[in-house]
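Note sheet for the following structure.
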Amino acid sequence: PPRLSWTGLNRRPGAEAQTTSLLDIVTTTEGPLLFLGDLNMTQMHDFYDRLETAGLRDAYRVAGQGFGFTGPARLEVLARSDLPFRDPPVLPLLRIDYIWVSPEWRVSDAWVGERVGSDHLPVLARLTLTPPG
C-alpha cells in the first residue's frame, strides 16, 4: 500500500518492481487467467491501465453496479487496540480490490460483499469459462 506523508501518498520502495513482475506473469500466461487481489490502486492508477493493455478486464467494471468501493472498511489502528469502540463502521470511499479476467471468461455479475472482518470489503463475481473456438 502507499504511504501517507506530508507530501501526499507515496509509493513504497519496490512497488514498481512488484507490478512489473505481475504484468510479466499476466502477459506470458496462455489460456484462461484470473487475477484477484487487494491491489491498493484505483482506476486512475497507471497499473490499472497496464492491466487493461495486457488484455485483462476488470470484472466489476464489466458487470458491477455503483461505485464498488471496497476500502477502508475498518480502521486497523483501532481494531488492534483494546478500546471498547475498536471496530466502528467505516464507509469505504475507494475501490482498491479487484477481480481481473482474461477474454476467455464471461462476467455475468459482480458485486461488493458484506463486512467479514477485514479492513476491505470483498469483491465477488459470477464468471463462466467460455469454450475455446
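Structure data summary
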read-out: Estimated FRET transfer efficiency (ARG115, ASP82; beta-carbon r; R0 25 Å; 0.05); value: 0.75
read-out: Within the accessible area of segment 86-133 (1.4 Å probe), percent carbon and sulfur; value: 60 percent
read-out: Where labels lie 7 Å past Cα in the beta-carbon direction, separation of HIS45 and ARG12 in nm; value: 1.2 nm
read-out: Estimated vicinal HN-Hα couplings, Hz - segment 95-107 in sequence order (Karplus 6.51, -1.76, 1.60; Gly, Pro = x); value: 9, 10, 10, 9, 10, 9, 10, 7, x, 6, 9, 9, 9
read-out: Charge sum, other residues only, whose C-beta stays under 11 Å from TYR60's C-beta, Lys/Arg counted +1 and Asp/Glu -1; value: 0
read-out: Charge sum, other residues only, whose C-beta stays under 15 Å from ILE99's C-beta, Lys/Arg counted +1 and Asp/Glu -1; value: -1
read-out: Fraction of accessible area attributable to carbon and sulfur, segment 21-74 (%, probe 1.4 Å); value: 53 percent
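The values are calculated or read from the model by the stated rules, or taken from the named source; none is laboratory data. Keep in mind the model is a prediction, meaning the values are calculated, not measured. Neighbour counts are summed over all protein chains in view; Cβ atoms, including those assigned to glycine, are modelled from backbone coordinates with ideal geometry. For the accessible areas, the whole protein counts, side chains as well, though only heavy atoms, and no ligand, DNA or RNA atoms are used. Shrake-Rupley method; radii C 1.70, N 1.55, O 1.52, S 1.80 Å.
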